[in-house]
């Protein structure tokens, strides 16, 4: 059985092009909207045009009379369906009941009021247009600070103070630190509402089979298993008879880390009619009803000594929750509190979060979820402090970084940072961009009357969610590795990637561990009937948690394969070597291939003692801690004083995300994150008027970053592996979003600092900048 | 949204004031108004079809005239809703004798909601100005006795 | 209802359609080519970009009846009959120019037009050319790289 | 989002089209403005007449010292027309600023002009060019100036039953320079302000200045005060700056989410100066 072993190229760490791409570039991938079933019906949803109104009556008769309309359901019909689930909890949290269709009152523009079912999507739309509601509009409130003011309209009449919760956290003794500090600076900082805008809107197809009591739901989600559990609960079905399929999912960014009213609503309709039914969200509906992100007003106070030593940070965070809690709404701002110290070693913090109801669509996890706001807060305050102390912002950061020998580093908020060398990463960034040279160039530009700015952000983030006690629905992930008799390998991951590329990176990991060609590996996900229970994709967790679960499942496969190999080679299972797809007895040099082992494991006529046939392993793995990627982003910008327009001259990103499985995917995640972060800094804003209307409710008014608006992003990495998981990976899904925003604002504030500008709220529109320049000259 | 501006009418404030309280005149002057029916003291039911370029929509609503201070000022409240959205406006109109005619200064708040609010941000200001302009232009014609003036170009 | 005759990816089709049926829906639902996506209703995202009589257009802003007599190319028609990918598809794949893939068919179709009109575009020209197409995943950098790579491959 | 039902006609000739328009049908050209409005059900025409494909309206030709452009010529064809690029580059340049490739491939000059969007790009150029617009109904054809044509926000001189059939732009003699400068609304790409400048100089002095503005207010207009301020003056930056400062005077500057009235007016001044400077540099 001696064979020549060809060394297979190790794939982890290589720029392997994606295995999911062929279907995507040929237009053959299947998204929810592409699902076709026999006798498929179509749903259109009639929604509230008002921010707040009582419903006097609903007349559906004209809609029902329209030929082709099959049914219309309103709030009274769905009372048997469970309400929308919020999995987060906080002491004293007020949870309004969020029915899947409005009852006698609507709470935000877009609130679902009725659903029309027709045989044709065009007729369904016509039907929805024929629904007549007698509205009694009431005063809406959309600004969270106005909502807290005395006499504000009550979003939920039962809670006139509009306060959903107040959450306090302290670490150290901020008051004492501030009292002893030589400098105390305060700043109000806004992290405005953002609209996630995945390019694929949401969509649901539900197919009830009464005879089997089974419901199959295709939904564009990041969390198919959680969606299944929740849906089964809402609809009173057996969980094992509900199948949720997340087919190709066209982007999520947190907005699909949720279970929305429409999923249960389509299930309900399909069960009522005993027909499959499809609902595809329009872009307008996406703007109005899919969660928004951010929505903070932060009052920050930093205490420091004149030598630049930061002593503490105080935060009052007013979170615009919207009208309801979606899955994680109230938990998001608590993440901002956890990350408020950033990368710095000060020991004293004091934070209060006030969760405020407003007549707006709920906020929830949007790329970064709480951490971008925290990073923006601390990174802005550090720059404000640097300006006050007339210190170089880089120098101030070096002075306060947790040191490389301090890890694991316990922060003022009680987190334990896993690993890092913050100064080394900033060193690389400063050197690559020639920071000293830039400062000279800036001095020259200023002498010429030009506004050039250099903005630094040294961000840190908490990701790879996470230990279960820290997450509302379990912080583990699962993986199954199934080796077929032919030796082909199927990996099933509980993560539900939707663009992140785990069909490739997980195949790289499996190929290396098992020594099989990558083409022999198939990675499956997103179907609860195929994949064992999993948690899903969010919080930059796929590689560090899902990949780790896969790693351990692969170890189980290896162990069992070695047992079979040893038996086949008549060797000792403890000493055989499994490498490059061969199990070799080092004593004899004899080997069997992995494929031969797989065949033997299924044929079953030689079973190692204590083993059993088959070659399948499943692992559920939970990290002991989050992972903490970090980095230094530097932006060079210039402002046109005549128009206020900002031009990004250079963008340098140096990130430390631990070990890298596929640099190509990492670059892609980083660039995308940066685009969303710059989007927030410069253009994006979900604006509600005082009347509750979402006035940036289409791409006409909500500025999405376009190719011509984006700078070229230069990037590099330092690598400090995470000790928390066996891959040493941290996470990159959100890093770019978190690092970019404060770098951009710091850059523009730096550009305008000769005018005495200390802070600019986002988005930094041309007009806002022009007014700053104009006002300072006037 | 704030709505404010001035308009000139070629007749004295008394005449201007009375015209603006006269349902028949208002019906003719309000762009696209099909009917304006008195439903109570100072209260009128309004039906209009707004047509502007390709945009069109039927609105039903009411007009309320209050705080009468002839011929100096009054308050007007207009509410209308239709499939494409709804509008609610409230404002004070002040009349002043100017060169034998009247200068009407209006100042108020308008709320716009529904479909038109979520796509038409860039157009709301210009179109509302246009509609106000049309209204006073027509009113000027009516007040000057040019009642046969061409129907509103809408 | 109106009868339209179109050629899609080289194949003739004839159907009766409602005048209000969008060309995107016609391609996706009547012909069954679901590679063309719809991402907005205001003609600003470009996911629905196809080629009609040699010109890149947004199929969500065209009624199917307006395409009567036209020759249409969709993303499904790019690869050769034997499955060999078009150089632009190859470039998108090699450069990791896509993540969720939803905008990709439109991006690929506009890339084709950009390169037909300017076989060797600068980075600036590429970014300008992509102006009618939104991508929320990639930050565009790898798309720019893919257009450059495709330009090299097709020159 | 799905439009309401409507009737659709695709006549083979302009004559047939005009007969349908006379009966109240709405002309559909490229549909770039109309179709999104229909999908959102803000526009609900009962009958559309597709004039976008009439070969009779698809031409760019030189005639009697002017260039005549059929209404159904696309922005792309205008942007790339050798005739226009050579003899009326302002219109070609302006077209290149509209929307994106796909929109320029499909949208038409006539459709855009007839729509009279207060933020559209063409009106600035057409005002500066003192273009003529040909309006045709089943009964008659008349030609009016751009200034007369653009009446107000979305309001034109088109009478019922009329459509825009042709736009006539002048061929400028040598030493005329033109430029279109646009500050765009980042979300939609529409002009917050767009200024088209057309200048001729003789012996270092401005001998002809035309300035068209779009976006600033509810209607495009010719900034005649700017023109007058420069007429006969030395062609220099100082004079341009002083004249550009007059560009917004007398205009009721629009205000929206994207730019306040004050900022718009400021941008108009800045962009008028940029357009004039650029046009001047091209006039030598």
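So here's what we get for this one:
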read-out	value
Pairwise Cα inverse-distance average, inverted: Kirkwood Rh of segment D:55-170 (Å)	13.9 Å
Over chain D, volume per residue of the alpha carbon convex hull, in Å³	119 Å³
Gaussian network model of chain D, Cα within-10 Å springs - most flexible of D:41, D:53, D:104	D:41
Cα convex hull of segment C:87-154, projected area averaged across orientations, nm²	3.7 nm²
Cβ-based exposure ranking for A:513, A:684, in which fewest neighbours within 10 Å come first	A:513, A:684
Highest to lowest packing among A:670-676, B:101-107, scored as the average C-beta count within 10 Å	A:670-676, B:101-107
FRET efficiency, residue A:89 to residue A:609 (Cβ-Cβ, R0 45 Å, nearest 0.05)	0.35
Shape call, chain C: gyration tensor on alpha carbons, a/c limit 1.5	prolate
Kirkwood-based Rg to Rh ratio, segment A:626-687, C-alpha trace	1.07
Among A:27-35, C:80-88, the order from most to least packed when residues are scored by Cβ within 10 Å on average	A:27-35, C:80-88
Cα pair count fraction exceeding 24 Å, expressed as % - segment B:2-143	26 percent
Nearest 10 degrees, 0 to 90: helix C:141-154 Cα axis against chain C principal axis	80 degrees
Gyration tensor over alpha-carbon atoms, segment A:61-212, equivalent ellipsoid semi-axes in Å	44, 19, 17
Dimensionless Rg/Rh of segment D:7-50 - Kirkwood Rh, Rg from C-alpha atoms	0.99
Whole-angstrom gap from segment A:188-223 to segment D:1-55, using each part's C-alpha centre	36 Å
Gaussian network model of chain C, Cα within-10 Å springs - most flexible of C:51, C:18, C:41	C:41
Whole-number percent relative contact order across chain B, with pairs defined as alpha carbons under 8 Å at least 6 apart	28 percent
Amide N of segment B:53-91 lying under 18 Å from the label point, which is placed 7 angstrom from the Cα of residue B:103 along Cα→Cβ	B:71-74
Rg/Rh for chain A, where both radii come from Cα atoms and Rh is the Kirkwood radius	1.00
Inter-chain Cβ neighbour average for residues C:123-136, partner chain, 10 Å	6
Chain B - mean residue ellipticity at 222 nm from DSSP helices (-39,500 (n - 2.57) per run, n ≥ 4, rounded to 500)	-8000 deg cm²/dmol
Computed [θ] at 222 nm, deg cm²/dmol, chain D (DSSP H ≥ 4; -39,500 (n - 2.57); rounded to nearest 500)	-9000 deg cm²/dmol
Size-normalised alpha-carbon gyration radius of segment D:163-284, reference 2.2 N^0.38 Å	1.06
Inter-chain shielding of D:179-186 (mean C-beta neighbours from other protein chains, 10 Å cut-off)	3
Centroid-to-centroid separation of segment A:322-367 and segment B:92-147 [C-alpha atoms, Å]	45 Å
Segment A:500-567: radius of gyration over Cα atoms, expressed as a fraction of 2.2 N^0.38 Å	1.20
Debye intensity ratio in log₁₀ form over the Cα atoms of segment C:2-77, taken at each q of 0.16 Å⁻¹	-0.47
Translational D in µm²/s for the protein assembly as shown (Stokes-Einstein at 25 °C, 0.890 mPa s, Kirkwood Rh from C-alpha pairs)	74 µm²/s
Segment A:70-113: translational diffusion in µm²/s, Stokes-Einstein, Kirkwood Rh over Cα pairs, 20 °C, 1.002 mPa s	177 µm²/s
Spin-label zone in segment B:1-27 - amide nitrogen under 14 Å from a point set 7 Å from the Cα of residue B:94 along the C-beta vector	B:4-7
Highest to lowest packing among D:92-102, A:408-418, scored as the average C-beta count within 10 Å	D:92-102, A:408-418
Segment A:25-120 shape via C-alpha gyration tensor axes, a/c threshold 1.5	oblate
Other protein chain Cβ atoms within 10 Å, averaged over every residue that makes up C:58-71	5
Pairwise Cα inverse-distance average, inverted: Kirkwood Rh of segment D:104-153 (Å)	11.6 Å
Segment A:485-559 and segment B:22-64: distance between their alpha carbon centers, rounded to Å	65 Å
Radius of gyration and maximum dimension Dmax of segment A:14-70, Cα, Å	21.1, 63
Residues residue A:54 and residue A:239, FRET efficiency given R0 of 41 Å [Cβ-Cβ distance, rounded to 0.05]	0.65
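Readers should treat all values here as calculations from the given coordinates under stated rules, not as data from a laboratory. Remember, predicted model here, so these are calculated numbers, not experimental data. Every residue, glycine as well, gets a Cβ built from its backbone with ideal geometry; the counts of neighbours run over all protein chains shown.
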